[in-house]
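Asks: To start, I am sharing the structure in question, which I have written as structure tokens.
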Amino acid sequence: MTGMRLPLLLAMLLLQSVAAGAYPPFQKLVDETPEGGTLIPPPGTYAGPVVVDKPMVIDGRNQVTIDGGGKGTVVLLDTDGATLKNLHLTNSGDSANDIDAGVQVRGNYNVIKDNVIDDCLFGVDLQQSNNNIVRRNRISSKLEFSLGQRGDSVRLWYSFGNKITDNVTDNVRDMVVWYSADNVIARNRGSNSRYSLHFMYSRYNLVEDNHYVNNTVGIFLMYSDSVVVRNNHIAHAIGPTGVGIGFKETSDLTIENNEVLYCASGLYIDVSPFQPDTTNRFRGNLIAYNGIGVRFLNDWKGNIFEQNQFVDNLTQVVVSGGGTANRNRWDGNHWSDYAGFDMDRDGIGDTPYELYAYADRLWQDEPYAQFFKGSPLLEVLDFLERLAPFSEPTLLVRDEKPYLHVLAKVETEKKEQEMDAFELLKQSLEN
């Protein structure tokens, strides 16, 4: 009987070892690679965590998985000038305090591209790291966690001159840019997350050509001045807090040629612009099929709206708490509900577009009345109020030159912060 138990015990130990993921350590291969060298590991699955503390290239050729074992960060780039590409990074720890991630970057001029990062709390975390490239990665968080407990796909903290481009993110919490400047976030696709992109105290960044769908919030800028947001597609930010593009105490913005569709609120403006003698410029945007086209959280001024298209929003403009949006400038926009004529056929309405607040203020001022927004009851009240006003209605918007036809996209200029030196670096590293 004892002779039978020994093989059985060995077999059980072997199964437990396999179940625990007893993969060969990847760190040994990194340590054996000389500085400046290229590591192409044999295909297979390896055990993390891994620390890269010297410039080198690691190319998995889409045949290598590094498993973090459910503890800590899978790969730490604690160096300058390293490249991490064509790898599958998975199974990080779940500590938000430690920012357990697929990749932590603690250096400059590194490239993280063409990787699959899944089952990692955070995707790519950059702290005090400059001039890095994060490109063409597919990133998702830990699916067993609720949305608010997941980590961010890409996290920039006190990091400058980085380029976050062409990534696909899904089922993460946010993509965040905090205390960071001169970064480019371009051509990314994000879905099924909370904030597609969230700025805090981050100036002089460029956001363009991104595609954000089915997130709670598309783009939100808080205390982040001089940001350019252009040519982005944002759709289906729905729910009680659904916002296409939001602004909190943010100044000197350029918001142009974006599509904001099917959101609870297309644009959400709270005390913006905030800095004295500054403006926020909204040009050439399509704001369509939203519950509210533009929601002002207060009676504010300093925003310029020109050559935008406001199409079939259930309510075009709202000012919470009363007041007017007419202290901002509205010039040459297209309004789908314009009821005037163009007798001289110059493409511009003969009379100004004017939007008034009537009885429909009930759903704005009374929270419980919001349930009836768009209902026949409020529509009848609104019609009667317009027919024979019980009180003087409030003028919300007056556009002197409403365009009757669909407007072309406005001409744009490249942002000065896209530095020539960094462009040369990108070209040399991307190949």
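The values are calculated or read from the model by the stated rules, or taken from the named source; none is laboratory data. These numbers come from a predicted model, not from an experiment. Here Cβ is always computed from backbone atoms with ideal geometry, including for glycine, and neighbour counts include all displayed protein chains.
Asks: Could you identify the single residue in Y179, Y201, Y158, Y223 that is in the same structural domain as S272 (by TED's automatic domain parsing), at pLDDT 95 or above and closer than 25 Å to N97 by Cβ? Lay out the reasoning, then the answer.
Replies: Numbers: Y179 fails: in the same structural domain as S272 (by TED's automatic domain parsing); Y201 fails: in the same structural domain as S272 (by TED's automatic domain parsing); Y158 fails: in the same structural domain as S272 (by TED's automatic domain parsing).
Going through Y179, Y201, Y158, Y223 in turn, the sole match is Y223.
Asks: Given (1) on the phi < 0 side of the Ramachandran plot; (2) touching a strand residue (DSSP E or B) at 6+ places or on another chain (Cβ under 6 Å); (3) modelled with pLDDT of 95 or more, where does A237 come up short, assuming only one miss?
Replies: In the conditions (1) on the phi < 0 side of the Ramachandran plot; (2) touching a strand residue (DSSP E or B) at 6+ places or on another chain (Cβ under 6 Å); (3) modelled with pLDDT of 95 or more, A237 misses (3) alone.
Asks: Any residue at all in the stretch 43-62 that is over 16 Å from N167 (Cα atoms), surrounded by fewer than 18 Cβ atoms within 10 Å (Cβ to Cβ), in the same structural domain as N171 (by TED's automatic domain parsing) and in contact with a His (Cβ under 9 Å, 6 or more places away or on another chain)?
Replies: For the stretch 43-62, residues over 16 Å from N167 (Cα atoms), surrounded by fewer than 18 Cβ atoms within 10 Å (Cβ to Cβ), in the same structural domain as N171 (by TED's automatic domain parsing) and in contact with a His (Cβ under 9 Å, 6 or more places away or on another chain): present.
Asks: A further question on this structure: Quickly run through the stretch 264-300 and pick out the residues that are over 20 Å from the mean Cα position of the chain (by Cα), farther than 16 Å from D399 by Cβ and not β-branched (V, I, T).
Replies: Hits for the stretch 264-300 are P273, F274, Q275, P276, D277, Y289, G291, L297, N298, D299, W300.
Asks: Checking the condition assigned to a loop (DSSP other than H, G, I, E, B), more than 22 Å from V50 (Cβ to Cβ) and assigned by TED's automatic domain parsing to the domain that holds P49, which residue from N97, N131, N108 passes?
Replies: Working: N97 fails: more than 22 Å from V50 (Cβ to Cβ); N108 fails: more than 22 Å from V50 (Cβ to Cβ).
One residue alone meets the criteria, N131.
Asks: Further question on the same structure: Going by the structure shown, is I185 more than 28 Å from Y109 (Cβ to Cβ) and of a type in the set (A, V, I, L, M, F, W, C)?
Replies: The answer is no for I185.
Asks: Next question, about the same structure. Take the residues in the stretch 140-166 that are out of contact with any Cys (no Cβ under 9 Å at 6 or more places or on another chain) and part of a strand (DSSP E or B), then tell me which one is surrounded by the fewest Cβ atoms within 10 Å (Cβ to Cβ). Don't jump to the end; show me each part of the working.
Replies: Step one: list which residues in the stretch 140-166 are out of contact with any Cys (no Cβ under 9 Å at 6 or more places or on another chain), which gives 143-150, 152-166.
So of that shortlist, the ones also part of a strand (DSSP E or B) come out as 154-157, 163-165.
Numbers: V154: 28, R155: 24, L156: 29, W157: 17, K163: 22, I164: 28, T165: 21.
Among those residues, the one meeting the criterion is W157.
Asks: Just one of K28, K71 is within 27 Å of G148 (Cβ to Cβ) and surrounded by fewer than 18 Cβ atoms within 10 Å (Cβ to Cβ); which is it? Can you show your working first?
Replies: Values: K28 fails: within 27 Å of G148 (Cβ to Cβ).
Answer to the selection: K71.
Asks: Something else: Within the stretch 107-139, take every residue that is closer than 13 Å to L84 by Cβ and basic (K, R) and give me the one that is surrounded by the most Cβ atoms within 10 Å (Cβ to Cβ).
Replies: R135
Asks: Out of E259, E208, I need the residue that is surrounded by fewer than 24 Cβ atoms within 10 Å (Cβ to Cβ) and assigned by TED's automatic domain parsing to the domain that holds A408. Which one? Explain how you work it out, then say what you get.
Replies: Values: E208 fails: assigned by TED's automatic domain parsing to the domain that holds A408.
The match here is E259.
Asks: Suppose we filter L10, L89 for residues that are outside any loop (DSSP other than H, G, I, E, B), modelled with pLDDT under 95 and out of contact with any Phe, Trp or Tyr (no Cβ under 9 Å at 6 or more places or on another chain); which single one remains?
Replies: Working: L89 fails: modelled with pLDDT under 95.
One residue alone meets the criteria, L10.
Asks: Evaluate the following for G81: is it in a loop (DSSP other than H, G, I, E, B) and either at pLDDT below 95 or hydroxyl-bearing (S, T, Y) (or both)? Show your work before the answer.
Replies: On the way: in a loop (DSSP other than H, G, I, E, B): yes; either at pLDDT below 95 or hydroxyl-bearing (S, T, Y) (or both): no.
Considered against the rule, which asks whether it is in a loop (DSSP other than H, G, I, E, B) and either at pLDDT below 95 or hydroxyl-bearing (S, T, Y) (or both), G81 comes out as no.
Asks: Quick one: L126 ticks every box in (1) over 20 Å from the mean Cα position of the chain (by Cα); (2) within 23 Å of I185 (Cα to Cα); (3) not aromatic (F, W, Y) except a single one, so which number is it?
Replies: Of the numbered conditions (1) over 20 Å from the mean Cα position of the chain (by Cα); (2) within 23 Å of I185 (Cα to Cα); (3) not aromatic (F, W, Y), the odd one out for L126 is (1).
Asks: If F274 meets every condition in (1) of a type outside the set (D, E, K, R); (2) surrounded by fewer than 23 Cβ atoms within 10 Å (Cβ to Cβ); (3) more than 18 Å from V319 (Cβ to Cβ) apart from one, which number is that one?
Replies: (3)
Asks: Of everything in the stretch 300-357, what is within 22 Å of S272 (Cα to Cα) and basic (K, R)? Give them in sequence order.
Replies: K301, R327, R329
Asks: Quick one: what pairs do we get from the stretch 333-347, first residue under 28 Å from Y289 (Cβ atoms) and touching a residue at least 60 places away in the same chain (Cβ under 8 Å), second part of a loop (DSSP other than H, G, I, E, B) and small (G, A, S), C-beta under 9 Å, 6+ apart or different chains?
Replies: That search, which allows pairs on different chains as well, returns W335/G349; Y338/G349; G340/G349; D342/G349.
Asks: So which strands (runs of 3 or more DSSP E) stay within the stretch 29-75 end to end and still have 3 or more residues that are within 18 Å of V111 (Cβ to Cβ)? Spell out the reasoning first.
Replies: Values: elements: 44-47, 50-52, 57-67.
Where strands (runs of 3 or more DSSP E) fall fully within the stretch 29-75 and carry at least 3 residues being within 18 Å of V111 (Cβ to Cβ), they are 50-52, 57-67.
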